[in-house]
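Structure first, commentary second.
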Amino acid sequence: MTPSPSAWQLPSEPLALSAGEIHVWKAELDLPTVDVELLARTLSEEERGRATRFHFERDRDRFIAGRGILRTILARYLNADPASLRFRYNSHGKPSLDEDTDIHFNLSHSHGLALIAVTRGREVGVDIERARPQAVDENMARRFFSS
């Protein structure tokens, strides 16, 4: 897979992750169509089905980009083909690798940006939210905060 030069950069092969380390990746999800199409090839049949259920093309493309980038990064740690990775889901829908590995990850996305955390031997979490400065106005600040 070779994304366009304006898109995201592929991680080096292979990636090394020592015990106790956490790698955090930032990814733009608003990619050129050619890159989204390349990343879609890495998705499982179930993921492609989920992608088709998005009403808006922008949301569908962001889902494909996020899952494809996640697969590409994890594949670098496992020295594997991104399309070969299989996931299982817990009762809350959180994915984990369905592989014999101690690699753990978490993906969070908001609007056109994603964060992916990867570690060995323990669960990891990451969260990203879009800051909305207009959501807090002066009246709200007076109500909840002292001067």
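The values are calculated or read from the model by the stated rules, or taken from the named source; none is laboratory data. As the structure is a computational prediction, the values presented were derived from the model and not from experiment. Note: ideal-geometry Cβ built from the backbone for every residue, glycine included; neighbour counts use all protein chains shown. Ligands, DNA and RNA are stripped out before the accessible areas are found, and what is left, the full protein with its side chains, is counted by its heavy atoms. Shrake-Rupley method; radii C 1.70, N 1.55, O 1.52, S 1.80 Å.
Number of residues in the stretch 8-47 that are among the charged types (D, E, K, R), in contact (Cβ under 8 Å) with a residue 12 or more places away in the chain, surrounded by fewer than 16 Cβ atoms within 10 Å (Cβ to Cβ) and closer than 22 Å to residue 97 by Cα: the value is 4.
Which of the residues spanning the stretch 48-63 are open to solvent by 20 Å² or more (accessible area, probe 1.4 Å) and outside any loop (DSSP other than H, G, I, E, B)? Across the stretch 48-63, the qualifying residues are 48, 49, 50, 52, 57, 58, 59, 60, 61, 62, 63.
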